Amino acid sequence: MSKKFLFLAALIMGNAACMETVTQIADEGFGVSFAKFDVSTDQKYEIKFNLDGKSFYQPVETKNGMLFFEEHALNSERKPIEGRYNPNQAIAMGLFEGFPQYPIVSGLKTDGHFSLKNLSTVLEEDILECVAINEMQKKEKDTNPLIDNLIKLRTGGHTTAAQRLPDGLRKLAQLNMLGNTNSWKVRAQFNQEKEELYLSLSILNRLRGDYNEEQFLEKIYDIDKKLNEAFNSGVNNGGTILKNPNKKQIENELQHKRLTPRHITAKALLLSVLCHVDRYPGLAKNGEAVESICMNFGGMARFVHHVKESRHAYIEGDVIPMYTDKSYWVLEKGFTVADLYKALYDVSYLNRLKINQVYIEGTMQNGIVIDLEDPTLLNRVKNMVHAYWDGVTRPANLIEVVIRNENGFFRLATAYPVYKKHNTIETKETLGDIFTTLNDLFIYKPMFGTMKFLPSNFFATTDSF
């Protein structure tokens, strides 16, 4: 059963009690009219649909001017069907014709908090279908504009819908309908699910013939900023500050007297802000997507925005001010700030980063500073310049990465070139040690078994499918 078009739904907790009043709407496979749902009053609905000769019922509820799905459909005995079961394509298409007239969300009875977790799963069918269409087009010598427009329509609609999600979430926060969001686990899951969504959007958008990474990252930056603001308005209601359950241990490890434990924790911390564990549909085995360590596109979007706004990078040939208080890179033409982020991610994956220093600037909220040597990281950087406060510049020899702990969570704040005395000491950490620490202290979604670390060039094209 297709899950197409359900991307337009933002997912939220389901507080639906047993149905008191049910208006049954029969669907004959041609879609359900959105006009049949009156969101001006709180009402319970059931949408009847047939699949494989059997009748199923999809509970729907209008509440506070919003339209809610429960995640699980019901069988003829009105019992939840095991596993995830979403409305069929005809129902979904009909329901979403009116979007975004009203916020449309999908609920879950058991979670009790806002969730985006099904969105990337819903997109997997579209990803694989669009890849198949794209591969068919490659076999033809001439581009088929109809196929190209189909992919553009699909990806454009998904991205547009994602840009509408923050408005629905903001309303849910205002209505205090986010559930038990005053916990680190809930926020950690929210951060994880955002990145899963951004990865899915990235894969889909890269199938477009007119794909522009800079424009895509600008959209992701805008979505991420608004989602965070909306979610924080619910999480921090009443001034609640979330506490990272591993904060003290992380702080102790980052200040460990022995170099190896300190460097292991620092590298795991760096990975935690650069990547997330995700199901990558292109690596499916026996129909199941394989969990991999994937790059954070939300993190990349924030990094690119910051570096550009802070003037930490110039392109070869740009006019560079004679006096500057900003350390900066001079990038080769064709090498972007996004590529800079990917390079940092890749060298972490290869475990070639050499750490010069690790220190905390008073508190982790102020910043955790990791000074890195540059082994093959900046192959396409023409120059690295360290600027002092008075405008004097000199060649840089290290990269200073600043990571902050904000409301219980780590994020990459900035990275720029610096000059410091070379004092690197080789340590004995292994990638396995780093992964173990990453798993134990930093990531919400635990890693199981052997994880595939996807290098950034894996995301550059869809040839990997």
Problem - Options Asp224, Asp210: the member that is touching a Phe, Trp or Tyr at 6+ places or on another chain (Cβ under 9 Å), of a type in the set (Asp, Glu) and either more than 12 Å from Thr159 (Cα to Cα) or open to solvent by 50 Å² or more (accessible area, probe 1.4 Å) (or both) - result: Asp224
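Is one or more of the residues making up the range 113-129 more than 22 Å from Glu193 (Cα to Cα), acidic (Asp, Glu) and modelled with pLDDT of 75 or more? Walk me through it before giving the result.
Of the range 113-129, the ones more than 22 Å from Glu193 (Cα to Cα) are 129.
Next, from what is left, pick out any that are acidic (Asp, Glu): 129.
Add one more test, that the residue is modelled with pLDDT of 75 or more, and what stays is 129.
Scanning the range 113-129, I find at least one residue that is more than 22 Å from Glu193 (Cα to Cα), acidic (Asp, Glu) and modelled with pLDDT of 75 or more, so the answer is yes.
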Handout entry: Verdict on Asn407 being under 16 Å from His263 (Cα atoms) and either within 24 Å of the chain's Cα centre (by Cα) or of a type in the set (A, V, I, L, M, F, W, C) (or both)
Key = no
Practice task
Might you check whether a residue that is surrounded by 14 or more Cβ atoms within 10 Å (Cβ to Cβ), more than 25 Å from Ile250 (Cα to Cα), modelled with pLDDT of 85 or more and not acidic (Asp, Glu) occurs anywhere in the range 444-454?
Solution key: yes
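How about the range 43-99: which of its residues are among the acidic types (Asp, Glu) and modelled with pLDDT of 50 or more? Before the answer, list the steps.
In the first step, residues of the range 43-99 are kept if they are among the acidic types (Asp, Glu); the result is 46, 52, 61, 70-71, 77, 82, 97.
Those that are among the acidic types (Asp, Glu) and modelled with pLDDT of 50 or more: Glu46, Asp52, Glu61, Glu70, Glu71, Glu77, Glu82.
Identify, please: which residue in the range 299-346 is among the polar types (S, T, N, Q) and under 28 Å from the mean Cα position of the chain (by Cα) and is, among those, surrounded by the most Cβ atoms within 10 Å (Cβ to Cβ)? If you could, list the steps in order and put the result at the bottom.
Step one: of the range 299-346, the residues among the polar types (S, T, N, Q) are 310, 324, 327, 336.
Next, only the ones that are under 28 Å from the mean Cα position of the chain (by Cα) stay: 310, 336.
Working: Ser310: 13, Thr336: 17.
Among residues in the range 299-346 that are among the polar types (S, T, N, Q) and under 28 Å from the mean Cα position of the chain (by Cα), the one surrounded by the most Cβ atoms within 10 Å (Cβ to Cβ) is Thr336.
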Exercise for the section: From (1) surrounded by fewer than 20 Cβ atoms within 10 Å (Cβ to Cβ); (2) farther than 30 Å from Lys428 by Cβ; (3) hydroxyl-bearing (Ser, Thr, Tyr), pick out the condition that doesn't hold for Thr260. Expected result: (2)
Practice task
Report the residue count in the range 359-398 for those that are over 18 Å from His312 (Cα atoms), open to solvent by 20 Å² or more (accessible area, probe 1.4 Å) and hydrophobic (A, V, I, L, M, F, W, C).
Solution key: 1
Practice task
Name the single residue, out of those in the range 171-206 being hydroxyl-bearing (Ser, Thr, Tyr) and assigned to a helix (DSSP H, G or I), that is surrounded by the most Cβ atoms within 10 Å (Cβ to Cβ).
Solution key: Tyr198
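Results for (1) in contact with a strand residue (DSSP E or B) (Cβ under 9 Å, 6 or more places away or on another chain); (2) within 30 Å of Leu128 (Cβ to Cβ); (3) free of Cβ contacts under 8 Å to residues at least 40 places away in the same chain, shown as yes or no for each residue.
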{"position": "Val290", "(1), (2), (3)": "yes, yes, no"}
{"position": "Met295", "(1), (2), (3)": "yes, yes, no"}
{"position": "Lys308", "(1), (2), (3)": "no, no, yes"}
{"position": "Ile315", "(1), (2), (3)": "yes, no, yes"}
{"position": "Ser327", "(1), (2), (3)": "yes, no, no"}
Practice task
Answer yes if at least one residue in the range 428-441 is more than 30 Å from the chain's Cα centre (by Cα), open to solvent by 20 Å² or more (accessible area, probe 1.4 Å) and modelled with pLDDT under 90, and no otherwise.
Solution key: yes
Exercise for the section: Working only within the range 337-369, note down all residues that are in contact with a helix residue (DSSP H, G or I) (Cβ under 6 Å, 6 or more places away or on another chain), closer than 25 Å to Gly408 by Cα and not β-branched (Val, Ile, Thr). Expected result: Tyr341, Tyr345, Ser348
Practice task
Might you check whether a residue that is assigned to a loop (DSSP other than H, G, I, E, B) and open to solvent by 50 Å² or more (accessible area, probe 1.4 Å) occurs anywhere in the range 399-415?
Solution key: no
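Scan the strands (runs of 3 or more DSSP E) fully inside the range 280-376 and keep the ones with 3 or more residues being closer than 24 Å to Asn191 by Cβ.
On the way: elements: 288-295, 313-315, 328-331, 355-360, 368-372.
The strands (runs of 3 or more DSSP E) meeting that bar are 288-295, 368-372.
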Practice task
Provide a single number: the residues in the range 142-162 that are modelled with pLDDT of 75 or more and either in contact with a Lys or Arg (Cβ under 7 Å, 6 or more places away or on another chain) or of a type in the set (Val, Ile, Thr) (or both).
Solution key: 5
Fill in the blank from the handout: For His422, the lone unmet condition from (1) within 20 Å of Leu340 (Cβ to Cβ); (2) open to solvent by 80 Å² or more (accessible area, probe 1.4 Å); (3) modelled with pLDDT under 90 is (1)
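The values are calculated or read from the model by the stated rules, or taken from the named source; none is laboratory data. Here the structure is a predicted model, which means the values were calculated and not measured. Every residue, glycine as well, gets a Cβ built from its backbone with ideal geometry; the counts of neighbours run over all protein chains shown. We work out accessible area using only protein heavy atoms, side chains counted, and drop any ligands, DNA or RNA first. Shrake-Rupley method; radii C 1.70, N 1.55, O 1.52, S 1.80 Å.
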